[in-house]
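Beneath this line is the structure, given in structure tokens, with notes to follow.
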Amino acid sequence: MSTPALLLRRHSVLPGFNLALGFALLYLCFIVLIPLSAVFLKTFTVSWSTFVDTVTSPRVVASYKLTFGASFLAALVNGVFGLLVSWVLVRYRFPGRRLVDALVDLPFALPTAVAGIALTSLYASNGWIGRLLPFKVSYTPLGVFVALTFIGLPFVVRTVQPVLEDLQRELEEAAATLGASRLQTFAYVIFPALMPALLTGFALAFARALGEYGSVIFIAGNMPMVSEITSLLIITKLEQYDYAGATSIAVVMLVFAFALLLLINLLQAWARKRQGR
């Protein structure tokens with residue numbers, strides 16, 4: 001082994017690999033693996049027919065459609081406008097830029113219940129924004145979409161922003177010199193470099209929206225078969241002491257969320273590989 005490698009290993013700030021790996025795995029077991037295993041083990045206490053009847057009942061299926069559909073659409077909208085917000089914050093200098101940059105993190109710091117009450121007040125029929133709209137937002141599935149969009153925006157902006165800051169402008173200038181239009185420069189130079197980060201932000205916003213509860217229950221109206229999200233349905237079953245039913249629905253959410261996130265990670269790997277080529 002070479003001398004620099006020995007010195008690097010000897011003077012490493014963190015502990016050795018075996019010790020660090022052991023602590024990391026122990027932490028993940030207590031925080032992630034054991035709680036998720038408990039959910040699956042509790043679900044195994046019911047028969048397969050009971051499990052299927054629970055997770056495929058019309059009320060539960062309706063909550064799946066609303067939760068996954070609204071979460072996907074909210075993450076998609078945040079992907080578009082998160083990229084736009086990141087672009088403005090990175091590429092332009094204007095009065096109040098630091099304030100706008102700080103406002104992006106507001107959904108992180110604001111308690112979700114407070115966010116839900118504020119959104120409900122704004123988009124209610126007599127609210128500041130709701131009274132100006134020709135359609136109803138609060139207490140409808142559209143209100144769920146608005147709440148999930150609100151809490152998901154920072155994930156996209158904070159993921160894309162550092163990548164955009166490190167993007168070399170010389171590539172854009174070279175493309176312009178070769179006769180590329182602005183649209184061609186964005187499509188063939190900028191967007192491919194941002195796509196892995198954009199997919200990551202989309203995945204984070206989507207995953208965050210799937211488990212959201214506090215900001216949604218106030219603005220949704222929580223009407224069964226109409227505006228009831230799956231998280232609320234799980235809480236309802238827990239309040240009814242139907243722990244097996246609650247964990248059964250949670251398992252379905254976990255499996256579907258894991259499959260979708262795995263697909264997005266595969267897309268990220270494909271995008272990075274293509275970008276490397």
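Please list, by residue number, every one of the chymotrypsin sites (Phe, Trp or Tyr not before Pro) in the range 122-155 that is coil in DSSP and has at most 10 other beta-carbon atoms within 10 Å. Please list the in-between numbers first.
Numbers: sites: Tyr123, Trp128, Phe135, Tyr139, Phe145, Phe150, Phe155; in loops: Trp128, Phe135, Tyr139.
Of the chymotrypsin sites (Phe, Trp or Tyr not before Pro), the ones in loops of the range 122-155 whose Cβ has at most 10 other Cβ atoms within 10 Å are Trp128, Phe135.
Of all aspartates and glutamates in the structure, the ones whose alpha carbon falls short of 16 Å from that of Lys237, not counting any fewer than 8 places away in one chain, are Asp53, Glu228.
Using a Förster distance of 22 Å, how high is the FRET efficiency between Phe186 and Trp270, based on the Cβ-Cβ distance and rounded to 0.05?
On the way: r = 21 Å, r/R0 = 0.93.
With a Förster radius of 22 Å, E is 0.60.
A simple spin-label model places the labels of Tyr241 and Leu122 4.2 nm from each other, with each point 7 Å out along Cα-to-Cβ.
Simple rule: put +1 on each Lys or Arg Cβ and -1 on each Asp or Glu Cβ in the chain, find the dipole, and look at Thr200, Tyr213, Ile229; the Cα lying farthest toward the positive end is Thr200. Measuring r between the beta carbons of Leu103 and Arg169 and using R0 = 35 Å, the FRET efficiency lands at 0.85. 3J(HN,Hα) along the range 221-228: x, 6, 8, x, 6, 10, 9, 9 Hz, from the Karplus curve 6.51 cos²θ - 1.76 cosθ + 1.60 with θ = phi - 60°, whole Hz, x for Gly and Pro. Loop-located trypsin sites (Lys or Arg not before Pro) across the range 43-110 with a Cβ neighbour count of 12 or fewer within 10 Å are Arg93, with loop assigned by DSSP.
Note on the chain: with a GNM built from Cα contacts shorter than 10 Å, the maximum mean-square fluctuation among Ile31, Ile219, Ile234 falls on Ile31. Once the C-beta distance of Asp53 and Leu262 is scaled by a Förster radius of 30 Å, the resulting FRET efficiency is 0.60 to the nearest 0.05. The alpha-carbon positions of the range 65-276 define a convex hull whose volume is 143 Å³ per residue. With point charges of +1 on the Cβ of Lys and Arg and -1 on the Cβ of Asp and Glu, referenced to the Cα centre of the chain, which listed residue (Thr67, Leu99, Thr43) lies farthest in the positive direction of the dipole? Projecting each Cα onto the dipole axis, the largest value belongs to Leu99.
Note on the chain: GNM, Cα springs under 10 Å; of Leu260, Leu103, Leu183, the largest mean-square fluctuation is that of Leu183.
Spatial offset of the range 154-202 relative to the range 208-277 amounts to 30 Å, using the alpha carbon center of each.
Rule-based calculations on the coordinates, nothing more; no lab input. Every value quoted in this text rests on a predicted model; they were computed, and no experiment measured them. Because the Cβ atoms are built from the backbone with ideal geometry, glycine has one as well, and the counts that use them run over all protein chains shown.
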